[in-house]
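S.K.: The structure under discussion is supplied below as structure tokens; questions concerning it will follow.
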Amino acid sequence: PSTALVDEAGVVAVGGVPVTDLVAEHGSPLYVLDEADLRSRARAYREAFVAAFAEIGAEVDVYYAGKAFLSVAVARWMHEEGLRIDTATGGELAVALRAGVPGAEIGLHGNNKSDEELERALAAGVGRIVLDSLEEVVRVAAAARARGVRAPVMVRVTTGVHAGGHEYISTAHEDQKFGLSIAGGQAERALHAVLQHPELELVGIHSHIGSQILDPAGFEEAARRILELRATLATTTGHLVPEVDLGGGYGIAYLPGEVPIDPQQVARDVARTVAAVCRTQGTSVPRISIEPGRAVVGPAGITVYTVGTVKPVTFTDEDESPRTRTYVSVDGGMSDNLRPALYGARYHAVLASRGSVADAVTSRVVGKHCESGDVVVHEVELPVDIARGDLLAVPATGAYGRSMASNYNMVPRPPVVAVRDGDARVLVRRETEDDLLALDLG
Ligand code: LLP
């Protein structure tokens, strides 16, 4: 599941630079992004969807979901690759604007946007504000009126389609905080409310059905339900909503042998469904947008750690039989990758600083934080001679690693270094203890 390559000496390299050199220069732990790989994944999604929907006469916009990982350089690269930027907060909006992304190519999400965030979005002239409640319809209309502008808005609906990985990230089932329910009638009510406000321009209906989805069927079903809502609204109001956003959620491979969703296949399947439904309805095909985050940046990033304590632990398993597992402690952990602790997410790890012909033993890679759930890799075969000072690389950490990192135990967050054609460049510098102490007013 990785972009990294291993050279003859057994050293892992990204973008032509050995991780041993990267750590010598930038320290450990370290997030490493492969710029070429990141760009090519962005292009792959854009081209797959543009091509599949061109066949049915529809245009497509791809929004990169900045929550997965956003920095000024990454926002600029996405813009250069023809993607727009999906933001969920004022902070993400600020990064996209700093990168020079035009406001019109930025979307703003959020189930609880502050007045200030709405003001900033309108001031920036964002291309869409995705409304998430009935009261927000009124608030955005008031803010637009005060500014003397017309705000382009989408209404986020819940389709009842439930897809994806862990329960916490499956958002489209009904009992959760996002969106307005189609089945419950709130979606239609919100759409009517938008149409009654002259300060609002209804540009689309939005749905995001979950994350780490490996089966295209959920996207097709969501599209079908949204198109039904769109047709109903056209009948009752005469307004045919021009765009449908199908959200993000495209799943990636985290472990060897796992198969990611194929953008070309989803694009083809969804385009076929959209064409068929619109043909039956006698409606024109809408403009389509999608918001991939993980699938663009996840596989393009690895985390490099330095091994510290290695310790065999003997325990008794469920069958009362004695077992031994090697615990390999590294210099990071749940502060730089919360996903194992939060979602039980599984990762892989490889010895990255040298080759080894030693036997493999079942190992668990753990962090340096003060709790036993601080696991980096639950179970992995590592050479028995692994030792203090070795480097470990954990693939597929480009999404939701740095972006969900914390300072737990007052640990400064690692830098993000991007590598391309043999050159490395720091995108986000390493935090220092002084950075953390600067916030502490004593
Ligand atoms: N659009 C909307 C409205 C979203 O809520 C999300 C993710 C995306 C797009 C991008 O989804 P992606 O393509 O990256 O799956 N922290 C979790 C993932 C949370 C996703 C939340 N929303 C994780 O580490 O798995």
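The values are calculated or read from the model by the stated rules, or taken from the named source; none is laboratory data. Remember, it's a predicted structure, so these values are computed and weren't measured experimentally. Don't worry about glycine lacking a Cβ; one is built from the backbone with ideal geometry, like all the others, and counts go over all protein chains shown.
S.K.: Looking only at segment 387-406, filter to residues that are surrounded by fewer than 21 Cβ atoms within 10 Å (Cβ to Cβ) and more than 21 Å from the chain's Cα centre (by Cα); which one of those is farthest from Gly91 (Cα to Cα)?
M.R.: Going through the qualifying residues, I end up with Ala387.
S.K.: Take the residues of segment 182-217 that are over 14 Å from Val138 (Cβ atoms) and among the charged types (D, E, K, R): which is surrounded by the fewest Cβ atoms within 10 Å (Cβ to Cβ)?
M.R.: Asp215
S.K.: Pull up segment 224-255, narrow it to residues that are charged (D, E, K, R) and assigned to a strand (DSSP E or B), then point me to the one that is farthest from the ligand (Cβ to nearest atom).
M.R.: Checked segment 224-255; the qualifying residue farthest from the ligand (Cβ to nearest atom) is Glu243.
S.K.: Sticking with this structure for a sec: Could you pull out the residue among Val328, Val285, Val277, Val270 that is closer than 30 Å to Ala424 by Cβ and either buried (at least 17 other Cβ atoms within 10 Å of the Cβ) or touching a Phe, Trp or Tyr at 6+ places or on another chain (Cβ under 9 Å) (or both)?
M.R.: Residue meeting the stated conditions: Val328.
S.K.: Is it true that some residue in segment 56-64 is among the small types (Gly, Ala, Ser) and closer than 22 Å to Val416 by Cβ?
M.R.: no
S.K.: Here is a list: Gly422, Gly401, Gly344. Which entry is in the same structural domain as Gly308 (by TED's automatic domain parsing) and away from the ligand (no atom under 16 Å from the Cβ)?
M.R.: Going through Gly422, Gly401, Gly344 in turn, just one is in the same structural domain as Gly308 (by TED's automatic domain parsing) and away from the ligand (no atom under 16 Å from the Cβ): Gly422.
S.K.: Another question, then. Identify the single condition in (1) in contact with a helix residue (DSSP H, G or I) (Cβ under 7 Å, 6 or more places away or on another chain); (2) within 25 Å of Gln176 (Cα to Cα) that Gly103 does not satisfy, given that it satisfies every other one.
M.R.: It is condition (2) that Gly103 fails.
S.K.: If you don't mind, another one. Can you name the strands (runs of 3 or more DSSP E) wholly within segment 278-337 that have at least 1 residues being within 16 Å of the ligand (Cβ to nearest atom) and within 25 Å of Val350 (Cβ to Cβ)?
M.R.: Fully inside segment 278-337 and qualifying: 301-316.
S.K.: Still on this structure, please answer the following. Under 8 Å between Cβ atoms, which residue pairs at least 6 apart in sequence (or on different chains) link something in segment 98-116 that is part of a loop (DSSP other than H, G, I, E, B) with a partner that is among the aromatic types (Phe, Trp, Tyr) and modelled with pLDDT under 95?
M.R.: Asn111/Phe178
S.K.: A further question on this structure: So, of the residues in segment 136-163 that are more than 16 Å from the ligand (Cβ to nearest atom) and of a type in the set (Gly, Ala, Ser), which turns out to be modelled with the lowest pLDDT?
M.R.: Within segment 136-163, the match that is modelled with the lowest pLDDT is Gly160.
S.K.: Something else about it: Taking the options Ala48, Ala54, Ala24, Ala88, name whichever one is touching a His at 6+ places or on another chain (Cβ under 7 Å) and surrounded by fewer than 23 Cβ atoms within 10 Å (Cβ to Cβ).
M.R.: Just a single option satisfies the conditions, and that option is Ala88.
S.K.: Then there is this: Cβ contacts < 7 Å: first residue without any contact (Cβ under 8 Å) to a residue 24 or more places away in the chain, restricted to segment 61-90; second residue in a loop (DSSP other than H, G, I, E, B) and among the β-branched types (Val, Ile, Thr), any location; separation 6+ or different chain. Result?
M.R.: Ile85/Val101
S.K.: Mind listing whichever residues of segment 362-386 are in a loop (DSSP other than H, G, I, E, B) and either within 21 Å of the chain's Cα centre (by Cα) or of a type in the set (Gly, Ala, Ser) (or both)?
M.R.: Gly367, Ser372, Gly373
S.K.: What is the one condition in (1) farther than 16 Å from Gly57 by Cβ; (2) outside any loop (DSSP other than H, G, I, E, B); (3) in contact with an Asp or Glu (Cβ under 8 Å, 6 or more places away or on another chain) that Glu221 does not satisfy?
M.R.: (3)
S.K.: Mind listing just one residue for me: the one in segment 1-18 that is at pLDDT below 90 and touching a Pro at 6+ places or on another chain (Cβ under 8 Å) and, of those, nearest to Ala36 (Cα to Cα)?
M.R.: Residue satisfying both the conditions and the ranking: Thr3.
S.K.: Residues being hydroxyl-bearing (Ser, Thr, Tyr) and touching a Ser or Thr at 6+ places or on another chain (Cβ under 8 Å): count how many of those fall in segment 207-256.
M.R.: Selection size over segment 207-256: 2.
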